[in-house]
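Peer 1: Below is the structure I would like to discuss, written out as structure tokens.
The values are calculated or read from the model by the stated rules, or taken from the named source; none is laboratory data. Fair warning: this is a prediction, and the values are worked out from it, not measured in the lab. Cβ placement follows ideal geometry from the backbone for every residue including glycine, while neighbour counts extend to all protein chains displayed.
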Amino acid sequence: MSSHPTPGVLEVITGPMFSGKSEELIRRLKRARIARQRVACFKPDIDLRYHRTAIASHSSQTHEAITVANVERLREALYPQLDSIEVVGVDEVQFFDPGIIPLAVELIALGKRVIMAGLDTTFAAEPFGPVPNLMAISDTVTKLSAVCMVCGASAIHTQRLGQSQELVVVGAAGLYEARCRMHFHPFLDEHASEQLELAAVLESPGTN
Ligand SMILES: [Zn+2]
């Protein structure tokens, strides 16, 4: 490699839960591997879904990933092997601290292709962690939508159904649903069971 590498790129893949973000990240990493590029993939320690050493999509696609507690640990894992790495993937990037932003800038300057996937908004529809900033400095943003579990329309929101006060309980099946703007109700947690029943009624054909 030249001592003056050409700048890399940052690709952000975002959208609500169940929109296929991890699947799209895995697809891009696999394509890079087929092109004989060397790939390193990371995810935060918080994701207990399916595997501790792989990223997984809801459609059961997986890709090897190194689980790290924070951005500092990510740096420690990545930098010793950085010269031999061409593509850096990060999944569930919304859970990383703001240090992920300067790290992305550094990697771009070193000529790396950086692909980061994560939620753009919380269950309260607020911008999620470093993702908005990453979108702002990225070369491309792929904003995916899911399918509203009430009406089948395109969904940009993650609806929390349970009572958890955590920002997102990753992979907690049944606690979250994708919802369109019309069926997104961020602050109805105390009526979660009624909501579930309502959703079941509304899901029957011919309504809405
Ligand atoms: Zn809907």
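Peer 1: Answer yes or no as to whether Glu106 is surrounded by fewer than 18 Cβ atoms within 10 Å (Cβ to Cβ), away from the ligand (no atom under 16 Å from the Cβ) and either at pLDDT 95 or above or under 17 Å from the mean Cα position of the chain (by Cα) (or both). Please lay out each step first, then the result.
Peer 2: Working: surrounded by fewer than 18 Cβ atoms within 10 Å (Cβ to Cβ): yes; away from the ligand (no atom under 16 Å from the Cβ): yes; either at pLDDT 95 or above or under 17 Å from the mean Cα position of the chain (by Cα) (or both): yes.
Here the answer is yes, as Glu106 does meet what is asked.
Peer 1: In addition: Provide a single number: the residues in region 124-141 that are crowded, with 18+ Cβ neighbours inside 10 Å and within 14 Å of the chain's Cα centre (by Cα).
Peer 2: Total satisfying the criteria: 6.
Peer 1: Moving on to the next point. Within region 114-152, track down each residue that is within 16 Å of the ligand (Cβ to nearest atom) and free of Cβ contacts under 8 Å to residues at least 40 places away in the same chain.
Peer 2: Across region 114-152, the qualifying residues are Cys148, Gly152.
Peer 1: Still on this model: Restricting attention to region 100-138, report how many residues are outside any loop (DSSP other than H, G, I, E, B), in contact with a Leu (Cβ under 8 Å, 6 or more places away or on another chain), β-branched (Val, Ile, Thr) and within 23 Å of Phe18 (Cα to Cα).
Peer 2: The qualifying residues number 3.
Peer 1: Assess whether Asp97 counts as being more than 16 Å from the ligand (Cβ to nearest atom) and under 14 Å from Met17 (Cβ atoms). Please lay out each step first, then the result.
Peer 2: Working: more than 16 Å from the ligand (Cβ to nearest atom): yes; under 14 Å from Met17 (Cβ atoms): no.
Spelling it out, it is not the case that Asp97 is more than 16 Å from the ligand (Cβ to nearest atom) and under 14 Å from Met17 (Cβ atoms).
Peer 1: All but one of (1) away from the ligand (no atom under 16 Å from the Cβ); (2) modelled with pLDDT of 95 or more; (3) surrounded by fewer than 16 Cβ atoms within 10 Å (Cβ to Cβ); (4) hydrophobic (A, V, I, L, M, F, W, C) hold for Met182; which doesn't?
Peer 2: Failed condition: (1).
Peer 1: Residues of region 4-37 being under 14 Å from Leu107 (Cβ atoms) and touching a Ser or Thr at 6+ places or on another chain (Cβ under 7 Å), which ones?
Peer 2: Leu10, Glu11, Val12
Peer 1: With the requirement that a residue be within 16 Å of the ligand (Cβ to nearest atom) and either out of contact with any helix residue (DSSP H, G or I) (no Cβ under 8 Å at 6 or more places or on another chain) or at pLDDT 95 or above (or both), what does region 160-179 give you? Please lay out each step first, then the result.
Peer 2: Our first condition is that a residue be within 16 Å of the ligand (Cβ to nearest atom); within region 160-179, this holds for 160-161, 176-179.
Selection gives Tyr176, Ala178, Arg179.
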